[in-house]
Amino acid sequence: MYNSGLFKFRKIGSQSKEHLGYLTPIEAHQEIPFEVKRLYYIYGVGEEEIRGKHSHKKLHQVLICVNGSVDIKLENFFGDETYTLNDPSVGLYVGPDNWREMSNFKDNAVLLVLASEEYDPDDYIRDYDEFIQHNQKKYGGLK
Ligand code: TYD
């Protein structure tokens, strides 16, 4: 989908030695399409809860579910898509102007987020109608 997408990190390990587990490295300027200035993680979320419900004007992010499973619904001017993240070697890139809702946090889900900017409350759009208007103004001419 426009301005978002899944990609696969390296998963170092061997199926013949599965009990040794795996290692996924993420290096600056290699695996991530922006400079990471901040990371945070979301955890302890009840299965019935929905987080997010906002978009960002400038922020680029990569979401990685490092434990458990979580659904990420993205919506932008061009469509919407729901991704189930349940593999620590998979990242979901989320660019600006995507409304996101995180739900179905299962099996002690831990969602790690890598972000391109320091925390800035002014970068958020938390009102859905404002999000629609913002995207109409920005992308309306492209349709
Ligand atoms: P928020 O981004 O609204 O979380 P979610 O979309 O998952 O519900 O952030 C929740 C709270 O945490 C809010 O008060 C802002 C604060 N916060 C920070 O202080 N620094 C950060 O880097 C982030 C992401 C949030």
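Throughout, read-outs are computed from the coordinates displayed, never taken from laboratory work. Here the structure is a predicted model, which means the values were calculated and not measured. Heads up, the Cβs are rebuilt from the backbone with ideal geometry, glycines too, and the neighbour counts pull from every protein chain shown.
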Taking into account only those residues within the stretch 1-36 that are among the acidic types (Asp, Glu) and not in a helix (DSSP H, G or I), which is farthest from Leu85 (Cα to Cα)?
Glu35
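Do we find that Asn98 is within 26 Å of Gly140 (Cα to Cα), more than 16 Å from the ligand (Cβ to nearest atom), in contact (Cβ under 8 Å) with a residue 60 or more places away in the chain and of a type in the set (S, T, N, Q) in this structure?
No, not satisfied.
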When only residues in the stretch 43-90 that are away from the ligand (no atom under 16 Å from the Cβ) and among the β-branched types (Val, Ile, Thr) count, which is surrounded by the most Cβ atoms within 10 Å (Cβ to Cβ)?
Val90
Residue that is nearest to the chain's Cα centre (by Cα), among those in the stretch 101-130 that are in a strand (DSSP E or B) and near the ligand (Cβ under 8 Å from one of its atoms):
Val113
